[in-house]
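In what follows, a single structure is set out as structure tokens and then discussed.
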Protein chains: 2
Amino acid sequence: MTIYDISEKAGVSIATVSRVLNGSNNVSEKTKKKVLDVINQYEYTPNAFARGLGLNTMKTIGIMCADSSDPYLAKAIYYIEQKLRANGYDSILCCTGYDLDTKASSMNLLITKKVDGIILVGSNFIYEKEDDNKYILDAAGQVPVMLLNAAMDAPNVYSIVSDDFTSMYDATMEMIRSGVEDILYFYNSTSYSGKKKLAGYRAAMEEKGLLTNGSFLQLYQGSHEDIPAMADQLLKLHAKGITFHGVIAADDSLALGALKYAREMKLRIPEDLAIIGYNNSMLVNCCDPELTSIDNKLETLCQHLITTLMGVLGGSEMPKKTVFSGELVKRGTTK
Amino acid sequence: MTIYDISEKAGVSIATVSRVLNGSNNVSEKTKKKVLDVINQYEYTPNAFARGLGLNTMKTIGIMCADSSDPYLAKAIYYIEQKLRANGYDSILCCTGYDLDTKASSMNLLITKKVDGIILVGSNFIYEKEDDNKYILDAAGQVPVMLLNAAMDAPNVYSIVSDDFTSMYDATMEMIRSGVEDILYFYNSTSYSGKKKLAGYRAAMEEKGLLTNGSFLQLYQGSHEDIPAMADQLLKLHAKGITFHGVIAADDSLALGALKYAREMKLRIPEDLAIIGYNNSMLVNCCDPELTSIDNKLETLCQHLITTLMGVLGGSEMPKKTVFSGELVKRGTTK
DNA sequence: ATGAAAGCGCTAACAA
DNA sequence: TTGTTAGCGCTTTCAT
């Protein structure tokens, strides 16, 4: 069923059918009704390719994320996808993994598919070396690129970030204030936001003159699902004679690792070990006691991202970078 | 940059360029190289719409899932998306929510976008009333529809399921054998697979003559993230004087709810309360003790789903329904 | 208010 | 091996 068939059955030209389809008001009510009737009768829907060919847009946004099974990223995708749909856009999802080459080729693929914009979910898309970010610049040459939880200053690139530095700084300060001074920083990523978080911790510790021991920075490099491995890493640290009474984790799952460590060491929480996580994800009340965690307002970030993207696509001038503040949600793992 | 530009610059016809693009072997090495050089020089990529218009396919599969932030579904999407890409297909993701109307309209949207196939992730897409499943039949009239963890006997619909009945039956039997007879069944879904699980529990309990008390079936209807609410429900049950020493949960998060209940009641696990979850998700080692859970082999299911889909798209005859067995993974919450 | 016709960029059947 | 050409289904000027 094509526009020709409809035009024939309705006794009008294809142009008129097209006008009806696109809500032009230069059609008399009478013919409009006539055409609409035929369209409904035959359940005709226009061919998206043909339309795309002419308009060169398919109202589709490409979403890239390294690993959609990461609960935090999954949640972000969920919000983004919903809000896009509410704005009449579809989304093509690409789970790229953490490899640069794969990311770049996924990006090309999306461009090839003629997406109207690209959203990079998570800070791992921004690299240290400027050269490694070229793939983003290339893409931005074609369509707007939105960064969630990452920032990059380049034309046609828009960044929506949570103020990780301040969140982490405040959380660290709070823990110090509660009387804990030997605080371990447990992290798993050196991405854009990873660095901000770390810097927040450092700044607070330094300010209080507590940043003495290098092994207080613990980088975990295993799977984000492998809680036992995280606990193991802390157990080994303890075995080496390093003691700490607080853990600030860059991610809730790492905090759960710390919690597991505490249980295996028979430590009381929060008296012997205070723990703060990050993301305020569903994991926070999977455990006992429930996890104190930093809420970085994911839904707000996503909402703003989509609003900005819609603005850009609509031709409006939009802010290149937007920063939201996080919030420490206190639960049982801190005093 | 179009195929015409390239043909001109390379001094050949557009047909030749097209042949090079599509890897036809009816092109001499010499001209092939000539064309390829120009293509690379100008970084030309073909217009997907135009190609789609002619071929009427975009090598894209629609994925529908109710809620991509559900860890289990997120994981499934992750596997599916990866395996599709490995087969040269892209995916359009639709998070539909649990409402029938939304599901139906998402379905139409995907059809409109000319996807080559549709994958329904999760059993909540199949309804009790036959009429409510009409939207699936309609879609199957256009493209193959794949069901993950659900089954439906209809032309062009293919089902890949885990044998939930047997898994649940075996798990229940195992718990009974371990000496627990008052086993609560804690569930949150009456979907296709939800019913199978329940039936498995029932069959085992009935066989052992233990199915006496109706309130042993507890349906939880809140958010899958709200562990405290799940615990609450069990606490209320206890307050009503209903006692149980085992919980079999239809989902790992429900099992965590039971675990929380046990902690609040100061019950020893597994001595006072044995717990079995379902899905063997990352949640199983978020808690203490770690959760015994049923592994339903999600990756295998997804792999098989894609293999089947590729077969169907390739024109091969494929099995309409495939059943895999689950496996009970014993951890600390059972004897 | 309506229609005729020229693209949009590509594939594939047909000719040479 | 290569080129010519007719679609694919729609949007959008430009006439009328």
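Any read-out appearing in this document is the output of simple, stated calculations on the displayed coordinates, not a laboratory observation. Quick caveat, the model's predicted, so the values are computed rather than measured. Because the Cβ atoms are built from the backbone with ideal geometry, glycine has one as well, and the counts that use them run over all protein chains shown.
Sorted shortest first, the separations between the B:GLU29 label point and its copies elsewhere in the assembly read 7.3 nm; each point sits 7 Å from Cα along the Cα-to-Cβ line.
Note on B:LYS33: lysines with a C-alpha under 24 Å away, same-chain residues under 8 apart excluded, are B:LYS9.
Can you give the percent of C-alpha pairs in the protein assembly as shown whose distance is more than 51 Å? Mind dumping the intermediate values first?
Values: 39537 of 224115 pairs.
Percent of Cα pairs beyond 51 Å in the protein assembly as shown: 18.
Compared with the dominant Cα axis of chain B, that is its longest principal axis, helix B:29-42 is turned about 70°. In chain A, the longest principal axis of the Cα atoms and the axis of helix A:100-112 are about 20 degrees apart.
If you add up the charges near B:THR60, with Lys and Arg at +1 and Asp and Glu at -1, over every other residue whose beta carbon is less than 9 angstrom from its beta carbon, what do you get? With Lys, Arg at +1 and Asp, Glu at -1, the net is +2. The angle between the Cα long axis of helix A:192-207 and the longest principal axis of the Cα atoms of chain A comes to about 30 degrees, rounded to the nearest 10. Simple spin-label estimate for B:GLU264 and A:ARG177 gives 3.0 nm between the two label positions (7 Å along the Cα-to-Cβ direction from each Cα). Relative to the current alpha-carbon distance between B:LEU217 and B:ASN22, full extension at 0.36 nm per residue lengthens the span by 64.3 nm. In this calculation the C-beta distance from A:THR190 to A:LYS33 is compared with R0 = 60 Å, giving a FRET efficiency of 0.45.
DSSP assigns beta bridges within chain A; of those with both partners inside it, close to 10 percent run antiparallel. Peptide B:15-23 shows a mean partner chain C-beta count of 0 within 10 Å per residue C-beta.
Across the identical copies, the 7 Å label point of A:GLY179, projected outward along Cα→Cβ, sits 4.2 nm from its counterparts, in ascending order.
Could you name the aspartates and glutamates in cross-link range of B:LYS103, using Cα to Cα under 19 Å and dropping any fewer than eight places away on the same chain? Straight-distance partners of B:LYS103: A:GLU43, A:GLU81, A:ASP90, B:ASP67, B:ASP70, B:ASP116, B:GLU128, B:GLU130, B:ASP131, B:ASP132, B:ASP138. Counting only other chain Cβ atoms within 10 Å of each residue's Cβ, the peptide A:81-93 averages 4.
Kindly flag which residue pairs out of A:LYS113/B:LYS321; B:LYS195/B:LYS297; A:LYS197/A:LYS297; A:LYS114/B:LYS83; A:LYS297/A:LYS320; A:LYS113/B:LYS113 have an alpha-carbon separation exceeding 24 Å in this structure.
A:LYS113/B:LYS321
The distance separating the Cα centre of segment B:15-39 from that of segment B:262-331 comes to 49 Å.
Counting only other chains, and only Cβ atoms inside 10 Å, what mean value do you get across the residues of B:39-51?
Values: counts 0, 0, 0, 0, 2, 0, 5, 1, 5, 10, 13, 4, 3.
Partner Cβ neighbours, averaged per residue: 3.
Sparsely packed loop sites in segment B:135-229 (the chymotrypsin sites (Phe, Trp or Tyr not before Pro) outside DSSP H, G, I, E and B with at most 12 other Cβ atoms within 10 Å) do not occur.
B:THR112 to A:MET318: FRET efficiency via 1/(1 + (r/R0)^6), r the Cβ-Cβ distance, R0 35 Å, to the nearest 0.05?
Working: r = 29 Å, r/R0 = 0.84.
So the FRET efficiency works out to roughly 0.75.
For B:TYR42, the point set 7 Å out from Cα toward Cβ sits 3.8 nm from its twins in the other copies, listed from shortest up.
How much net charge surrounds B:GLY122 when only other residues with a Cβ under 10 Å from its Cβ are counted (Lys, Arg +1; Asp, Glu -1)? Don't skip to the answer; put the middle values down first.
On the way: positive: none; negative: B:ASP67, B:ASP70.
Summing Lys and Arg as +1 and Asp and Glu as -1 gives -2.
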